[in-house]
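Worksheet: the structure to be examined is printed underneath.
Laboratory data are not the source of any read-out in this text; all were calculated from the coordinates shown. Being a predicted model, the structure only gives us computed values, none of them experimental. Here the Cβ positions follow ideal geometry from the backbone for every residue, glycine too, while neighbour counts run over all protein chains shown.
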DNA sequence: AATGAATGAGTGTTCATTCAT
DNA sequence: AATGAATGAACACTCATTCAT
């Protein structure tokens, strides 16, 4: 519902109707309309982090872990168009909302990425002369923009191909010479 | 006003008061509340494109042109915090708004970037084996995320430094070996 | 409310207050302010037609049926001053409103009257050399004006007397000589 | 303008535009929007009464004078469709407006008609056993309804024919037997 | 005299939220 | 637990009127 019409253009009554319950019932499960959106976002991030932690535990190679993260990011959204729309729009609905709430999730995600970057730098596979913060922002920004491009156009989306393309550029940009050669 | 509270949380009466005019006066200049936001965004992009075209005309070197674009992107927003907030939030307020209106500006910007990338590939300074579309998305996404990071935290922002950091990664990621060596 | 102040000078908030409900409640029962008026008018005509059909079925004499219609017209409005005011004013609020909506009720009423006239002509009690349309308009117009006269002054109103006076003139005007003698 | 859209749906700005002047100019000639309508109505009645007095002075025969009034009523409106619309709608816009303002014109008109009726009764050509008030209302009501019927449908309108038809009924209804024979 | 930009009070309508059932 | 009728605050927008030019 929210993905289709936007949070502000989705009356609680419409959300309730879509869920097949009465308006009042919504308030038995959510304290306010805002909480519906927050819960949806929280849940999505929670699931993402769970899977990310699980899958990243299967290897110690930072490059491999980065590949896992990137693939998971793109696959999760590719598999759920409505979620993707919400993530590319409503999550950024207003400066106050972001500052108070949704930015924290992104910071968590960025921190996770930064840890992997730093590990790669310690492992000698990533250049040590770029800040992990910058790299994480570049990587996240690139992925984010690829998703936006898909969501706001009618293009087909192949998460695997997209992941390769982005990583092709970012890896080359951050890998050490020895590694690259 | 919109930057501070968000478009949906900014009554027309508040916008009018901030502008020092009566509510009705707003409607002498804008057909609807929506048009206020659209006009602001249109104007910002118009100015940006004008300056970009001017400054990019001073050189034929694609790498140099890319540096100009990146610097202009970051400097424009760094110089106007409210504009930056609007660009990182309200421009993405709902899928419908984006699809109907604001995405076109981004597409124009991405196309401008892609042209430069392609020129660089023809000039032999950028790798020919990555698509200009992917590169443009990566670059824009990286910059966009750097701006968001600044806007939604209290960090100081140095557009020059940020530009160098991002370009350091992206350039290395897309330049040809010969060039890099 | 509308009878007292006129439709355009009756804010929905005032109508709601008079009804003892909150403003929003009005919109649970009416789609728009316009619909309040339309529903009131529709309902009044519906009841009138129902009663008219019932009472007219008690006789086959066209003259008697006409007397029934006239009495019902005047008694219905005499019994409900507010309704009478609305019928003499708001029903004619604008050319567009009338053309789109309220005229149809009058046309239905006029058609009912015309049928009775034609029946009387066939029965040989009404002159055949005047058109039923003209007669119906004269009769309705006369009644309408009697009601207006009452509504817009402080005069007392006796529907029975008024009915007799109007019918005295119209009947004499339309009856056949043989009948009249 | 008012005839087309109704008084309440005609902004002063639209009326001014139609008149080819600026909004403010309207207020040099009318104290308020209401006065525009009142002046239009006043003027129309003034002209009507002037012509009625003139033409009625040409004969002493009450029946003839009534014919003159009826013809003038219908011809005046037939000649000016917009005026007719205003007379059949806006003149009755609300009970308060009518009570305060427009009813007086009708009362004047009805009084003029009543005088003629009484004169006809004194002349022995109209029945003395019906009240002049009732007759005047019947006659005016009949004419009024004929005009409404024309204004709110697409029918062609022939004031002469319509006058004959109405008078055929009303005259027969009110004339004395001797006269009728 | 004429203008038309500016005003700001007024109003129809929406919708998040509550609560008696 | 679930309902959905009722609420009333909030808001976008209109427009009669004013007044400096």
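Points worth noting:
- In this simple spin-label model, placing a label point 7 Å from the Cα along the Cα-to-Cβ direction at both residue B:123 and residue D:31 gives a separation of 7.7 nm.
- Shortest-first nm distances, residue C:29 label point to equivalent points in other copies (7 Å, Cα→Cβ): 3.4, 4.5, 4.6
- Paramagnetic label zone (point 7 Å from Cα along Cα-to-C-beta, residue A:176; backbone N under 12 Å) in the stretch A:91-135: A:120-129
- Taking the number of Cβ atoms within 10 Å of each Cβ as an exposure proxy, the fewest-first ranking of D:29, C:27 is D:29, C:27.
- Averaged over peptide C:125-132, the number of partner chain Cβ atoms lying within 10 Å of each residue's Cβ comes to 1.
- The modelled label-to-label distance between residue A:67 and residue B:5, using points 7 Å beyond Cα along the C-beta direction, is 5.1 nm.
- Here is how far apart the residue D:53 label points are across copies: 5.3, 7.3, 10.0 nm, shortest first, using a point 7 Å from Cα toward Cβ.
- Distances between copies of residue C:176, taken at a point 7 Å out from Cα along the Cα→Cβ vector and listed shortest first: 2.9, 11.2, 12.2 nm.
- Between the stretch D:1-69 and the stretch A:89-108, the alpha-carbon center distance in angstrom: 63 Å
- Residue exposure sequence - A:162, A:176, B:39 - by fewest surrounding Cβ within 10 Å: B:39, A:176, A:162
- Likely footprinting exposure, B:9, A:47, D:105, C:137, fewest C-beta neighbours within 10 Å first: A:47, B:9, D:105, C:137
- Computed over the protein assembly as shown, the P(r) tail beyond 51 angstrom holds 44 percent of alpha carbon pairs.
- In chain B, helices alone account for a calculated mean residue ellipticity at 222 nm of -22500 deg cm²/dmol, with every DSSP H run of four or more residues adding -39,500 (n - 2.57).
- Residue D:80/residue C:46 FRET efficiency (R0 30 Å; Cβ-Cβ; nearest 0.05): 0.25
- Computed as a quarter of the hull surface, the mean projected area of the alpha carbon convex hull for the stretch A:32-180 stands at 9.1 nm².
- Working value for the stretch B:123-162: equivalent-ellipsoid semi-axes of 28, 12, 5 Å, each the square root of 5 times a Cα gyration tensor eigenvalue, largest first.
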